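The values are calculated or read from the model by the stated rules, or taken from the named source; none is laboratory data. Source: prediction; values computed, not measured. For neighbour counting, all protein chains shown are included, and Cβ atoms are generated from backbone atoms with ideal geometry for every residue, glycine included. When the accessible area is computed, the model is the full protein with side chains, heavy atoms only, and any ligands, DNA or RNA have been set aside. Shrake-Rupley method; radii C 1.70, N 1.55, O 1.52, S 1.80 Å.
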Amino acid sequence: MSQASRRDYEQLRIDGLHAFYGESHILHGINIEVKRGELVTLLGRNGAGRSTTLKAIMNMVGRRTGSIMINGEETMSCAPHHIARLGVGYCPEHRGIFSGLNVMENLTLPPVVRSGGLGLEEIFSMFPNLYERRASQGSKLSGGEQQMLAMARILRTGANMLLLDEITEGLAPVIVEKLGDVLVKLKEKGLTIVLVEQNFHFAAPLADRHYVMEHGQIVEEISAGELESKQSMLDKYLGV
């Protein structure tokens, strides 16, 4: 494969990424490759650097060095809003819902930055709960509804690569199952997904590949087909 076609095939390529918060050195030379249409997880214990990796992709950390290529474009000097215009949608762990705005206002507030985003009809078909609660304030939504709204909001903007941080944390099993169905549908649409997830049983059947992180480093890359043979190793890193 030529270098040009390789870049076309890779939506995200991270080489030698270091990230810092003040004097704290959090990421130590991360290398990650994500192809178009893949669902890739970042696994590890709390404090391993998984959430910081997503923030570093968006240039939302204090300082970073190395290389982050998105759609073949180097983004280390790019502002977060420019990275969003490259088709990257970031869904943070805290969800970022505006409590004083209703569902429809939260959903339509962020600007559409690229063509190809989901329309409201398609969003409400994917998240029927949001249609039912469209006039409800953000503060009145359940945790699951807030998570659905946070995901729906970035899908409307035109993002085709989603950075999702702990989307199942604290949610009821029925909501977790619904979010899994949504990820399957998004993958079928060709979206690329990088998923930080503590719930390995949720992530395992969805992902094409898994990166295991510990102490700010990638310590293992595991394909979906290798999961069974490497389960004991995974249990050690995940603290199971």
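Can you tell me which residue within the range 102-112, out of those that are open to solvent by less than 50 Å² (accessible area, probe 1.4 Å) and out of contact with any strand residue (DSSP E or B) (no Cβ under 7 Å at 6 or more places or on another chain), is farthest from Ala159 (Cα to Cα)?
Ranking the candidates gives Val103 first.
One residue is enough: does the range 78-101 have a residue meeting the conditions at pLDDT 95 or above, open to solvent by less than 20 Å² (accessible area, probe 1.4 Å) and more than 21 Å from Thr41 (Cα to Cα)?
Yes, because at least one residue in the range 78-101 is at pLDDT 95 or above, open to solvent by less than 20 Å² (accessible area, probe 1.4 Å) and more than 21 Å from Thr41 (Cα to Cα).
Taking the range 114-131 on its own, how many of its residues are assigned to a loop (DSSP other than H, G, I, E, B) and either open to solvent by less than 80 Å² (accessible area, probe 1.4 Å) or of a type in the set (Phe, Trp, Tyr) (or both)?
Result for the range 114-131: 6.
The conditions are (1) in a helix (DSSP H, G or I); (2) open to solvent by 50 Å² or more (accessible area, probe 1.4 Å); (3) under 30 Å from Asn102 (Cα atoms), and Arg134 fails exactly one of them. Which is it?
Condition (1) is where Arg134 drops out.
Would you mind telling me which numbered condition in (1) outside any loop (DSSP other than H, G, I, E, B); (2) touching a helix residue (DSSP H, G or I) at 6+ places or on another chain (Cβ under 8 Å); (3) among the hydrophobic types (A, V, I, L, M, F, W, C); (4) open to solvent by less than 40 Å² (accessible area, probe 1.4 Å) Leu206 fails?
Result: Leu206 fails condition (1) only.
Thr53 - would you say it is hydroxyl-bearing (Ser, Thr, Tyr), open to solvent by less than 20 Å² (accessible area, probe 1.4 Å) and under 26 Å from Gln198 (Cα atoms)?
Here the answer is yes, as Thr53 does meet what is asked.
Output the number of the condition that Ile167 fails; it satisfies all remaining conditions of (1) in contact with a helix residue (DSSP H, G or I) (Cβ under 9 Å, 6 or more places away or on another chain); (2) among the β-branched types (Val, Ile, Thr); (3) surrounded by fewer than 20 Cβ atoms within 10 Å (Cβ to Cβ).
Condition not satisfied by Ile167: (3).
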